[in-house]
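Written below as structure tokens is the structure these notes are about.
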Amino acid sequence: MKYSQEQVTELKRKAIQVRANILEMIPPGKVGHLGGSSSIADVMAALYFHTMTVNPSDPKDPKRDRLIMSKGHAVLVQYACLVELGYFGREELAKVKTFKGMLQGHPDMDKTPGIEAVTGSLGQGLSIALGLALGFRLDKLPNRVYAILGDGELAEGQIWEAIMAAHGFKANNLTAIVDFNGIQATSTTKEIFPIENLAQKWGSFGWNVIEIDGHDMVQVLDALEAAKAFTEGPSVILAHTVKGKCFPFAEGKAKYHNAAMTEEEYKIAWSCIENMKREVEA
């Protein structure tokens, strides 16, 4: 193991706080993407608090790595990480999706420090990430680029064009991460637009494929290290996750792709946060 048990435990704490921050942004009655934000929270915690080179005091630091939230509707989880790092004040969390706030319903690189691209029209993020990665290589810079994709998003044709191009250009500084939770806006991905054998598909396009439990912090860290170590081309991490992870009323349910919680559900969600804190400290 390249990291200590203390580091792993601290990252688990961070993932819990990330989920708590998500809850803070969508109080009862406020519609928000709880499901897809909480499913990728463990991976995001590992990226922002361990793997990526970031500089909150200088969000435009040229040495920084880049993260593109291609599934832009889940940007709450990115805001939840950025506020912990100090990119903006906690008072902004209460203003999510309002004209008075800098945190919009989809990423806005002009309004929000730490956001690298405007996304939300699904299918475009991997192309943006590839462009950045190739630019860094042309400039002989060590920066790495990470793209967070939804599994439902893989139905977009532009994704596969970017996959082919990334292999063709051997973009070894690019890592795609698929939030593989099996649920999209209204139902399962299998019912809406089945894309079977994802590992074989990405592999056949020449990518280094790493398949993990996206809620196992050690597996997440190992996968990110393996992607960084692979130098022959791009890597993809297929992170098997649970939509709405850690909130029982929302787990595996398409309804909570984008929904408002009731007062009772909100209380349950905060109880889950407290239970997770106790478990990680046990």
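None of the figures in this text is laboratory data; all of them are computed from the coordinates on show. As the structure is a computational prediction, the values presented were derived from the model and not from experiment. Counting neighbours? That spans all protein chains shown, and the Cβs are built from the backbone with ideal geometry, glycine included.
Points worth noting:
- Phi angles of segment 46-55 translate, via the Karplus equation with coefficients 6.51, -1.76, 1.60 and θ = phi - 60°, into HN-Hα couplings of 5, 5, 6, 9, 9, 8, 7, 8, 9, 9 Hz per residue; Gly and Pro are given as x.
- For segment 97-112, Karplus couplings with θ = phi - 60° (6.51, -1.76, 1.60), whole Hz, Gly/Pro x: 6, 10, 5, 7, x, 8, 9, 8, x, 10, x, 9, 5, 7, 8, 10
- For the chain, the residue among GLY36, ILE22, VAL236 whose Cα projects farthest onto the positive side of the dipole built from Cβ charges is ILE22.
- Between the amide H of GLY214 and those of HIS240, THR241, distances stay under 5 Å, these residues lying 5 or more places away or on another chain, with hydrogens modeled in the peptide plane.
- Whether segment 239-282 is rounded, prolate or oblate, judged on the alpha carbon gyration tensor where a/c under 1.5 counts as rounded: oblate
- Over the chain, relative contact order from alpha-carbon pairs under 8 Å, at least 6 apart, %: 24
- Cα convex hull volume per residue for segment 1-88 (Å³): 106
- Pairs of Cα atoms farther than 21 Å apart, segment 107-221, %: 42
- Cα point-scatterer Debye curve for segment 73-170, base-10 log of I(q)/I(0) at q = 0.16, 0.20, 0.24 Å⁻¹: -0.76, -1.03, -1.22
- Amide H to amide H, with H built 1.01 Å from N, GLY105 comes under 5 Å of LYS97, counting only residues 5 or more places away or on other chains.
- Calculated P(r) of segment 134-282 - Cα pairs past 22 Å, %: 49
- R0 of 22 Å, Cβ-Cβ distance ILE273-ALA94: FRET efficiency to nearest 0.05: 0.80
- Folded to 0 to 90 degrees: helix 157-168 orientation relative to the chain principal axis, Cα: 40
- A convex hull fitted to the Cα coordinates of segment 4-153 yields 116 cubic angstrom per residue.
- Backbone HN-Hα couplings from phi across segment 264-275 [Karplus 6.51/-1.76/1.60, Hz, Gly and Pro as x]: 5, 4, 5, 5, 4, 4, 5, 4, 5, 4, 5, 5
- Nearest-ten-degree value, helix 75-85 long axis tilted from longest Cα axis of the chain: 90
- In terms of its C-alpha gyration tensor, segment 200-255 comes out oblate, because a/c is 1.5 or above while a/b does not outweigh b/c.
- Net charge dipole, segment 200-268: roughly 260 debye, given to the nearest 20, about the Cα centre with Cβ charges of +1 for Lys and Arg and -1 for Asp and Glu.
- Shape of segment 171-232, Cα gyration tensor, a/c cut at 1.5: oblate
- Considered as an equivalent ellipsoid built on the Cα gyration tensor, segment 37-97 has semi-axes of 18, 15, 11 Å, the largest given first.
- The chain: C-alpha pair distances exceeding 35 Å, %: 11
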